[in-house]
Protein chains: 2
Amino acid sequence: MLFVKKFGGTSVGTTERINAVADRVLKTVRAGHACAVVVSAMGHTTDELVRLAEAISSQPNRREMDALLATGEQVTTALLAMALHERGVVAESFTGWQAGIKTEATHGSARIEEIETAPLRALLDRGGVPVIAGFQGIAGTAITTLGRGGSDTTAVSVAAALRADYCEIYTDVTGVYTADPRRVRSARKLEHLRYDEMLELANLGSQVLHPRAVETAKRHGIRLVVRSSFDETEGTVVGDMLMEGARVVTGVACEKEVARIALVGMPKSGKQLADVFGALASEHVNVDVIVQSIVRQGEVDVSFTVAESELTHALAICSSLAEKTRHHSIVQERGLSKISIVGAGMISNPGVAARMFEALERAGVDVLMVSTSEIKVSCVIAQDYLDAAMRAVHDAFHLGEEGVHAHS
Amino acid sequence: MLFVKKFGGTSVGTTERINAVADRVLKTVRAGHACAVVVSAMGHTTDELVRLAEAISSQPNRREMDALLATGEQVTTALLAMALHERGVVAESFTGWQAGIKTEATHGSARIEEIETAPLRALLDRGGVPVIAGFQGIAGTAITTLGRGGSDTTAVSVAAALRADYCEIYTDVTGVYTADPRRVRSARKLEHLRYDEMLELANLGSQVLHPRAVETAKRHGIRLVVRSSFDETEGTVVGDMLMEGARVVTGVACEKEVARIALVGMPKSGKQLADVFGALASEHVNVDVIVQSIVRQGEVDVSFTVAESELTHALAICSSLAEKTRHHSIVQERGLSKISIVGAGMISNPGVAARMFEALERAGVDVLMVSTSEIKVSCVIAQDYLDAAMRAVHDAFHLGEEGVHAHS
């Protein structure tokens, strides 16, 4: 079998950790499997490089920022390849360009367009282990980086290009849980879940896998395994090839530090929504839940959530649109959170949302906004109630009980 | 005019220093000149990378060592390019491969074979400043490094490939001196000297320029300027196009921590010299001065110097050859130094060596070994007498007096 293994920053944070990663790879090779490895920069390397750049320029040139940051992963690849040599394993380091990872010609958040696998294949055919720098690629002769979640995305793309059997994402948790174990004591590790479920969980702040990586895996049907680099526990498999009925609710996710903005009393014209969210998007403000009230006397209220850190920026944009939107007032609220349930079986199970609202009601949690998709229900609530809400919802769907929730 | 400017590790040791380098480049650009810059890794970056590698492996794989070390210069190029952008100067960073610097397929000490200048030319033609990583190149798709003196060599090779008017080597001294100013107070900075003189001085431990770089400059007729990156003092120009007669003696150089080995009483066979120095060379021991006594009763004594740090290794090699060389004994001596005078005019001025011996004699310094070339005389002496010897020789050739020594 061919494994692509990805190790993140904490997994390669020290030379001791790099040696541990080499031991792990050795085990796979000894078991007779082929293996390619994708690594991130060591620990805080990237932060340190960013600090250097910021000491030089408040708005560092983006091409140069990519050239700078790409060195972080290059260091890890060389060190891990040395560690593998030390164990008698044939291995070679690959930067993005050496691995043939071609991206769009944009800096800081380039998308992978193509991977020319010949150099990687050549080494694999010789029984060697390619050690590939995550997060980076090449556009023409310029070094590019992929932005957030870049190393996960590299790993999945390499796995797709090499038609690997598994793409293993090694991280500091042992898998994907029904809820954050730090918040919900009865949270249980999932053995497997579907791409769409993982995608919703990833988007909803479970922070185990970046949504871009999950999307890429889904598109190419690459089986993902999320597992710990610190112990041998079996991880969680993400893939649609599982022979089972869909679970109604797979897990509970949350997002903290959410703020709400409401534009109150806008004349209903059909154009104001485009004006508001167009302006926010062009200023790179991420808007999450959007709710529009029904029309009353020719006026509507529109409210939406943003990350608290973007509230000031978003408010400024909304104020500047006053002439177009002609709202009566802007109301803002900080200190909110979003709690969500995710499950592929939800689509065919009416009443799931109701069960969630009921559980929140019983726990005394006010629901401020609601947003639903085919496999997800999200509620915006006051942050102070988050832990209580998580536990209540987790219990309501029996997520802590092995098997019970699966077809309930 | 086109300038290639090279800044070493201390000149780019901090972000403040990188900003100062950017100011300097800006000045050249503002004066209407074209400019390409070659940089080393920041301060102790290379040492830190070596430490990381050594924590992983006692004999790190050489290909991976090159991939690792090359990141150091890449960081500096990106930061300097950012600093230039900050000043409104068009600039782009270039790794070795991006700059088209092709080397032999060897790691750790590759020689530059060719520079494909199209990418550099394209930027220069747009009025931009290429910022090139020194010390590195590419062989096939493997990253290579040039070894000691690599960044100087990159700068001179780039200057040759671009047919630059000057290659300026910015360092922490203001130029090339008639002797080390820390040893000889009356030492004077030279306005200019010839390649061969610089080559002998470089080889003799003046440590301002690496001999490889000087050789390359000589081969391509590139005018070198050695100058300080910390002030605006005019530096020293190295080149053969100077319209003047050659100076008899240009400067005095020294090398410390030299050791001597003597193989006493070898049967004269004509083959033992090849045996001894072949074995030392294949074990990478650098042998400097070699002296063979005259033949007496069919036997000769051969003595030679090595760096003190290599004495133990060299002795072991000589002992292992005992069967072949059949010497009576090996004599070793530590705590020696070499003092040398260099000057292109020496070749046509007999009596220069005699004047040096005389000066040393007057100063009470015993000469243990002598070695001469067309433009150099070297004497091995006890290290304790080095400073006195330097002053005596410097005075004897009036090197501290402006102009006087030039045609004496």
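The values are calculated or read from the model by the stated rules, or taken from the named source; none is laboratory data. What you are looking at is a predicted structure, and each value in this text was computed from that prediction instead of being measured. Positions of Cβ are backbone-derived with ideal geometry, glycine not excepted, and every protein chain shown enters the neighbour counts. Only protein heavy atoms, including side chains, enter the accessible area calculation; ligands, DNA and RNA are left aside. Shrake-Rupley method; radii C 1.70, N 1.55, O 1.52, S 1.80 Å.
Positive-end ranking of A:Ala392, A:Asn19, B:Ala392 along the dipole of the protein assembly as shown, with charges on Cβ about the Cα centre, is headed by A:Asn19. Extent of segment B:97-141 along its three principal axes (Cα atoms, max minus min coordinate, largest first): 35, 15, 15 Å. For chain B, the longest principal axis of the Cα atoms and the long axis of helix B:352-362 meet at an angle of about 70 degrees. Centroid-to-centroid, using Cα positions, segment A:29-70 and segment B:115-146 are 22 Å apart.
Angle of helix A:311-320 to the longest C-alpha principal axis of chain A, folded into 0 to 90 degrees and rounded to 10: 50°.
In summary, the lysines within cross-link reach of B:Lys27, defined as a Cα separation below 22 angstrom excluding same-chain residues under 8 places away, comprise B:Lys5, B:Lys6.
Within the listed set B:Phe397, B:Phe304, B:Phe135, the residue fluctuating most in the Gaussian network model of chain B (springs between alpha-carbon atoms under 10 angstrom) is B:Phe304. Between A:Asp275 and A:Arg87, the FRET efficiency from the beta-carbon distance, with R0 = 51 Å, is close to 0.25.
Any idea what the relative contact order of chain A is, in percent, if you count C-alpha pairs under 8 Å spaced at least 6 apart? In percent, rounded to a whole number, it is 14.
In this simple spin-label model, placing a label point 7 Å from the Cα along the Cα-to-Cβ direction at both B:Arg185 and B:Lys268 gives a separation of 5.0 nm. Once both labels are positioned 7 Å from their Cα atoms along Cα-to-Cβ, the gap between B:Asp395 and B:Val331 label points is 3.1 nm. Counting heavy atoms of the protein chains alone, A:Lys271 has an accessible area of about 120 Å² for a 1.4 Å probe.
Using only alpha carbons, the protein assembly as shown has a radius of gyration to Kirkwood radius ratio (Rg to Rh) of 1.11. Only helices enter this figure: runs of n ≥ 4 DSSP H residues, each worth -39500 (n - 2.57), summed and divided by the residues of chain A, yield -10500 deg cm²/dmol at 222 nm to the nearest 500. As a calculated quantity, the FRET efficiency between B:Glu323 and B:Asp387 at R0 = 56 Å, using C-beta atoms, amounts to about 0.85.
Overall shape: oblate for segment A:29-117, with the ratio a/c of the largest to smallest alpha carbon gyration tensor axis at 1.5 or above and b/c at least equal to a/b. Taking the C-alpha atoms only, the angle from helix A:45-56 to the longest principal axis of chain A is near 70 degrees.
Near A:Ala133, once Lys and Arg are set to +1 and Asp and Glu to -1 for all other residues with Cβ below 13 Å from its Cβ, the sum equals -3.
Nearest 5 percent is fine: what portion of the DSSP beta bridges confined to chain B is antiparallel? Percent antiparallel among DSSP bridges in chain B is about 65. When Rg and Dmax are taken over the Cα atoms of segment B:212-347, they come to 20.1, 63 Å. For chain A, a crude dipole built from +1 on the beta carbon of Lys and Arg and -1 on the beta carbon of Asp and Glu, taken about the Cα centre, is about 360 debye to the nearest 20. Protein heavy-atom surface of segment A:1-124, 1.4 angstrom probe: 49% of the accessible area is carbon and sulfur, with nucleic acids and ligands not counted. Each Lys and Arg adds +1 at its Cβ and each Asp and Glu adds -1 at its Cβ; summed about the Cα centre, the protein assembly as shown shows a dipole of about 680 debye.
From largest to smallest, the equivalent ellipsoid semi-axes obtained for segment B:2-171 from the alpha-carbon gyration tensor read 26, 18, 12 Å.
For segment B:306-381 versus segment A:149-228, the inter-centroid distance based on Cα atoms is 68 Å. Considering only B:Arg126, B:Arg334, B:Arg183, the mean-square fluctuation computed in a Gaussian network model of chain B, springs between alpha carbons under 10 angstrom, is largest for B:Arg126.
For chain A, a Gaussian network of Cα nodes joined below 10 Å ranks A:Arg51, A:Arg223, A:Arg17 by mean-square fluctuation, and the top entry is A:Arg51. If the segment from B:Glu234 to B:Glu114 were pulled out straight at 0.36 nm per residue, it would be longer than the present Cα-Cα gap by 40.0 nm. Pull out a ≥ b ≥ c, the square roots of the eigenvalues of the alpha-carbon gyration tensor of chain A, then state rounded if a/c is under 1.5, prolate if not and a/b is larger than b/c, and oblate in the remaining case. Verdict is oblate for chain A.
In this Cβ point-charge picture (+1 for Lys and Arg, -1 for Asp and Glu), segment B:77-193 has a dipole of about 460 debye about its Cα centre.
Normalised by the number of residues in segment B:253-407, the average gap of Cα pairs under 8 Å and 6 or more apart makes the relative contact order 27 percent. Work out the P(r) tail for segment A:170-215: percent of alpha carbon pairs separated by more than 16 Å, whole number. That fraction is 34 percent. When the charge dipole of chain A is built from unit charges on Cβ atoms (+1 for Lys and Arg, -1 for Asp and Glu) and taken about the Cα centre, the candidate among A:Gly150, A:His220, A:Thr178 whose Cα reaches farthest toward its positive end is A:His220. Computing FRET efficiency as 1/(1 + (r/R0)^6) for A:Glu361 and A:Ala105, where r is the C-beta to C-beta distance and R0 is 51 Å, gives about 0.45.
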